[in-house]
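Please read the structure below before turning to the comments.
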Amino acid sequence: MLKKFPTINEIRVFKAQGPWKTSTGSSLSVRVALSFEWVTNSFLGYNSEELANISPDIRGLRVYTVRNIPLERRSSSGFHKVRGEIAMGLDGKVELECEDVLGDSKKFIITPENGIWMPPYLLQTHQALEEDSGLILIANTLFVAEKKETHDTYPAEDFRRLQQQIKREGL
């Protein structure tokens with residue numbers, strides 16, 4: 001029996017709140033506000049089967065940016081088996097497309113005013129719709145550049161093979 005895989009219906013969309021003036025006259029905006037329950041059960045909820053295949057333990061919290069995304073050039077497709085990500089607009093406008101193992105897909109326009117959470121097992125691509133666009137991402141996995149086993153990024157070909165297996169065996 002095959003395991004249950006996340007679908008695009010589980011993607012969570014959120015909007016930034018604010019800005020508000022602080023007591024010092026600064027501008028404060030809340031980019032994302034998530035409940036403890038959701039963070040521990042969804043964002044920091046890991047598939048123990050997949051974790052067993054990866055050494056060292058990659059659970060954690062990582063914030064990274066992708067900047068100067070080339071205009072109208074779609075990124076190569078990839079997916080993650082453990083990593084869930086929150087993607088928020090840093091600059092400009094980015095189209096992010098997600099596809100689940102059932103073949104359903106959805107496009108999101110990410111700007112500095114919004115963002116999404118993506119569970120693992122979604123094929124992802126992105127492209128800038130404006131010059132100098134960028135994303136800030138929060139991942140629930142660690143990353144050590146020189147340790148390939150911590151990358152948890154797999155090519156579209158592996159995703160397509162998984163889709164074929166699911167079609168043959170049923171989900």
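Odds and ends about this structure:
- Relative contact order (%) - region 13-169, alpha-carbon pairs under 8 angstrom, separation at least six: 30
- GNM flexibility winner over the chain from Ile69, Ile86, Ile54 (Cα, springs under 10 Å): Ile54
- Comparing region 2-81 with the 2.2 N^0.38 Å rule of thumb, its C-alpha radius of gyration ratio is 1.53 (two decimals).
- Pair Phe36, Leu142: separation of 7 Å Cα→Cβ label points (nm): 2.5
- Measuring max minus min along each principal axis, the C-alpha atoms of region 22-147 give extents of 47, 40, 32 Å (largest first).
- Each residue of region 49-61 was assigned a 3J(HN,Hα) from its phi angle through the Karplus expression (A = 6.51, B = -1.76, C = 1.60, θ = phi - 60°), giving 4, 6, 4, 5, 8, 10, 9, x, 4, 9, 5, x, 9 Hz with x at Gly and Pro.
- Order of Trp20, Trp38 - criterion: other Cβ atoms within 10 Å of each residue's Cβ, fewest first: Trp20, Trp38
- Euclidean distance of C-alpha centroids, region 13-42 and region 57-94, integer Å: 20
- Karplus-derived HN-Hα couplings along region 10-26 (A = 6.51, B = -1.76, C = 1.60, θ = phi - 60°), whole Hz, x at Gly and Pro: 8, 4, 10, 9, 9, 10, 5, 10, x, x, 10, 7, 8, 4, 8, x, 6
- Most simply put, region 13-169 has about 95% antiparallel DSSP beta bridges, counting only bridges with both residues inside it.
- Cα long-axis angle, helix 156-169 against the chain (0 to 90 degrees, to the nearest 10): 50
- A Gaussian network model of the chain, with springs between Cα atoms under 10 Å, assigns the largest mean-square fluctuation among Thr111, Thr22, Thr153 to Thr22.
- Remark: spin-label model distance Ser48-Trp20 equals 4.1 nm, labels positioned 7 Å along the Cα→Cβ axis.
- Hz values of 3J(HN,Hα) by residue in region 128-143 - Karplus curve (6.51, -1.76, 1.60), Gly and Pro given as x: 6, 9, 9, 4, 6, 7, x, 10, 10, 10, 10, 10, 9, 9, 7, 8
- Close Lys pairs in region 13-169, defined as Cα atoms under 17 Å apart and 8 or more places apart or on different chains, number 6.
- Projected label points at Glu95 and Val66, each 7 Å from Cα along the beta carbon direction, are separated by 1.5 nanometres.
Bear in mind that the values in this text are calculations on the coordinates, not laboratory data. These numbers come from a predicted model, not from an experiment. Positions of Cβ are backbone-derived with ideal geometry, glycine not excepted, and every protein chain shown enters the neighbour counts.
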